[in-house]
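Step one of this worksheet: look at the structure below.
The values are calculated or read from the model by the stated rules, or taken from the named source; none is laboratory data. Since the structure is predicted, the reported quantities are computational estimates derived from the model, not experimental observations. So basically every Cβ, Gly included, is an ideal-geometry build from the backbone, and we count neighbours across all protein chains shown. When the accessible area is computed, the model is the full protein with side chains, heavy atoms only, and any ligands, DNA or RNA have been set aside. Shrake-Rupley method; radii C 1.70, N 1.55, O 1.52, S 1.80 Å.
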Amino acid sequence: AMLDPDRGLSLTIARVVQRLQGSSLHSQLERQARVSLHKPEIRLESLKEDIKDFLKTSGWEKKLQNAVYSELNVFPSPCHPAAPPEHIKEPLAYMRKAQGSWEKRILKSLNSMCTELNIPLAQKRPVNEQKELLSKWNEMGTDEPDLSLFRPVYAPKDFLEVLMNLRNPNYENGEQPSFRNHLGLIQVPLKVKDIPELKEDFSELSLNIGQLGIDDSAQVPPEFFENEHVRVGQKVLAEQDSAAAQQYVRQGCPTALRADLWALILNISNQPEDILYYEQLKSNVIQHDLLVDSLIYKDVKLTASNDDYYFVFEDYLYQVLLCFSRDTSVLEHFTYSSATPPKSYIQGKLGMEEYAVFYPPNVNYNSFILSVAPLCFLYHEPSKLYQIFREMYVRFFFRLHSISSHPSGIVSLCLLFETLLQTHLPQLFYHLREIGAQPLRISFKWMVRAFSGYLATDQLLLLWDRILGYNSLEILAVLAAAVFAFRAVNLMEVTSLAAAEAVLADLSTLKVMPLLQIFLFATVT
């Protein structure tokens, strides 16, 4: 149900106020206001205005603005007050149902693994094990446990199968007129953008605007643009304004400023209480042994040992992912995600709430690992690295692992990718379809992993700059289509899925920004 704008605004304000009331920022602001009472410039007759001025000049007002901006970025626009809570999670009933049964399937797979291997989902570690884990917390990669019996809970292709079988029950056998001509694998009628709309959304990427990641723009000599862009970036950081930073990174981040700019956009400041929170998660890891620990371990070993870039960060990956699997603050994000976290209980305490352990909703740790690994290039302090990853997850990455109708959700991204190809490269699309090489079968794994593990790291970070800048994952689908466009000539000659996969097997030499620009702004529409 739609709201009139004023009603919507007042609901949004009420919700943001409610969310910030319990925060540490709220208590810090109160403390600052009390401290200011002793200052000579604060007069009794104009108390309220003077305190406001003090908070403005001392930088606290900016912190409050950033916190409000962060809330608005993460939470969806408010529903009608009478809407039931499940509508806030996901408005379409058939999507909610599909997500529910996918979660059941994952949990069943976890439970059957427990039964087979005769190990519990969660148990307390014996004291000697706790000590040992604590002593080698920073070098967990040196361990070589036998994990041959553990198997991944699901692979991307299993998830794709589920998405391919989604149907809107209101349409009998594809009777939706506008949609009947969609020949891709995704068969649900969601509204996705066309190239003119994408051009408008991504207008800062157009050919006549300076970009980091474009080496030979005719418009602006790159070194001139870069020097100027660095200067502006330093100013944005000095201002400490999240909204300005988000606008700025749409043209790319200078390498030296990226870590600070991303932290500013995500409103992460690594306060003492954040460090303490991370330490609490760490002690939870040390005390309790979860089945997923072994799955995380196995996946990190496989991913890191197969990737020259990432193996140096192996210890960081364990730390972040093990802590993430214990983090219940991630749960509040399930009020606006179609997913619902499964619960398990510490062995022998079934049904006693204080012993409940929430299982992370996505057990495909391989994608997680690939979304932490690039962040290791930017952040070397574990608690900060952890907070940045958690914030990236609750803003963006969770959408790649759950079934929803959100424009940045994986279902919409798949549909956007297929629609762009079918509309703008029809010959290629039909050719691949004819030979049994549906393009989405190849590009799905790129999108589900936000291209991590496929692009060179400098290119991946330029792509993620734009995800943060536009607060959207749609650029993943655009890039996937652009890659097919770029390799179209070779793809027109292949005669099998395996051959098509071979043409697209190595993306490590691709330059992201020229591909996106050419596809969006040089394609004849």
query = With respect to the numbered conditions (1) open to solvent by 10 Å² or more (accessible area, probe 1.4 Å); (2) out of contact with any Gly (no Cβ under 6 Å at 6 or more places or on another chain), which one is the sole condition not fulfilled by L462?
reply = (2)
message = For region 207-302, give me every one of the helices (runs of 4 or more DSSP H) that falls completely inside it and has 3 or more residues that are among the aliphatic types (A, V, I, L, M) and not assigned by the TED database to the domain that holds G141.
response = 222-239, 242-248, 258-265
request  = Only residues that are closer than 14 Å to L378 by Cβ, in contact (Cβ under 8 Å) with a residue 24 or more places away in the chain and among the charged types (D, E, K, R): list them for region 231-269, please.
outcome  = R258
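Yes or no: L378 touching a Lys or Arg at 6+ places or on another chain (Cβ under 8 Å), open to solvent by 10 Å² or more (accessible area, probe 1.4 Å) and at pLDDT 90 or above? Give the derivation first.
Details: touching a Lys or Arg at 6+ places or on another chain (Cβ under 8 Å): yes; open to solvent by 10 Å² or more (accessible area, probe 1.4 Å): yes; at pLDDT 90 or above: yes.
Taking the combined requirement at face value, the residue satisfies it.
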query = E116 versus (1) closer than 30 Å to P382 by Cβ; (2) out of contact with any Cys (no Cβ under 7 Å at 6 or more places or on another chain): which is the lone unmet condition?
reply = (1)
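Does at least one position in region 147-154 carry a residue that is open to solvent by 40 Å² or more (accessible area, probe 1.4 Å), modelled with pLDDT under 95 and within 30 Å of F429 (Cα to Cα)? Steps first, answer last, please.
First pass over region 147-154, keeping only residues open to solvent by 40 Å² or more (accessible area, probe 1.4 Å): 148-149, 151-152.
Subset that is modelled with pLDDT under 95: 148-149, 151-152.
Checking which are within 30 Å of F429 (Cα to Cα) leaves us with none.
No, region 147-154 has no match at all.
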remark   = Residues of region 396-414 being assigned to a loop (DSSP other than H, G, I, E, B) and of a type in the set (S, T, N, Q), in sequence order, are S402, S404, S405, S408
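If we scan region 129-141, do we find a residue that is open to solvent by 30 Å² or more (accessible area, probe 1.4 Å), within 18 Å of V300 (Cβ to Cβ) and without any contact (Cβ under 8 Å) to a residue 40 or more places away in the chain? Break it down stepwise before answering.
Step one: of region 129-141, the residues open to solvent by 30 Å² or more (accessible area, probe 1.4 Å) are 129-132, 134-136, 138-139.
Checking the rest, the ones that are also within 18 Å of V300 (Cβ to Cβ) come to 136, 138-139.
Of the ones still in play, those that are also without any contact (Cβ under 8 Å) to a residue 40 or more places away in the chain are 136.
Yes: region 129-141 contains one or more residues that are open to solvent by 30 Å² or more (accessible area, probe 1.4 Å), within 18 Å of V300 (Cβ to Cβ) and without any contact (Cβ under 8 Å) to a residue 40 or more places away in the chain.
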key: Failed item, numbered, when E161 is tested on (1) assigned to a helix (DSSP H, G or I); (2) surrounded by 18 or more Cβ atoms within 10 Å (Cβ to Cβ); (3) outside the structural domain of L295 (by the TED database)   = (2)
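Scan region 17-32 for residues that are under 18 Å from K48 (Cβ atoms) and surrounded by 12 or more Cβ atoms within 10 Å (Cβ to Cβ) and jot them down. Reasoning before the result, please.
In the first step, residues of region 17-32 are kept if they are under 18 Å from K48 (Cβ atoms); the result is 17, 26, 29-32.
V17, H26, L29, Q32, listed by residue number.
If we keep just the residues of region 59-71 that are assigned to a helix (DSSP H, G or I) and more than 16 Å from T12 (Cα to Cα), which is most open to solvent (accessible area, probe 1.4 Å)?
Initial filter on region 59-71 (assigned to a helix (DSSP H, G or I)): 60-71.
With the extra rule that they be more than 16 Å from T12 (Cα to Cα), the set shrinks to 60-63.
Numbers: W60: 33, E61: 70, K62: 51, K63: 95 Å².
Top of the filtered list is K63.
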task = Can you confirm whether region 476-488 contains a residue that is over 26 Å from Q251 (Cβ atoms) and more than 26 Å from the chain's Cα centre (by Cα)?
result = yes
remark   = So, first residue closer than 15 Å to S405 by Cα in region 94-107, second residue open to solvent by less than 20 Å² (accessible area, probe 1.4 Å) and assigned to a helix (DSSP H, G or I), Cβ within less than 6 Å, six or more apart or across chains; the pairs are none
task = Could you look through region 423-452, keep only residues that are farther than 23 Å from L462 by Cα and open to solvent by less than 30 Å² (accessible area, probe 1.4 Å), and pick out the one that is nearest to the chain's Cα centre (by Cα)?
result = L440
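Take the residues of region 124-156 that are assigned to a loop (DSSP other than H, G, I, E, B) and aromatic (F, W, Y): which is nearest to S283 (Cα to Cα)?
Kept after step one, since they are assigned to a loop (DSSP other than H, G, I, E, B), are these residues of region 124-156: 125-126, 136, 143-155.
Still in the list and also aromatic (F, W, Y): 150, 154.
Working: F150: 25, Y154: 29 Å.
By that ranking, first place goes to F150.
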ask   = Do we find a residue being touching a His at 6+ places or on another chain (Cβ under 9 Å) and either touching a residue at least 12 places away in the same chain (Cβ under 8 Å) or in a loop (DSSP other than H, G, I, E, B) (or both) anywhere in region 451-472?
value = no
key: Selection within region 36-58 - within 24 Å of A238 (Cβ to Cβ) and surrounded by 11 or more Cβ atoms within 10 Å (Cβ to Cβ)   = S36, K52, D53, F54, L55, K56, S58
key: Restricting region 477-525 to residues that are surrounded by 15 or more Cβ atoms within 10 Å (Cβ to Cβ) and among the charged types (D, E, K, R), the residue that is farthest from E434 (Cα to Cα)   = K511
message = Which condition from (1) under 30 Å from S405 (Cβ atoms); (2) modelled with pLDDT of 80 or more; (3) in contact with a helix residue (DSSP H, G or I) (Cβ under 9 Å, 6 or more places away or on another chain) is the one that L72 breaks?
response = (2)
remark   = Among the residues of region 495-525, the number that are without any contact (Cβ under 8 Å) to a residue 60 or more places away in the chain and in a loop (DSSP other than H, G, I, E, B) is 6
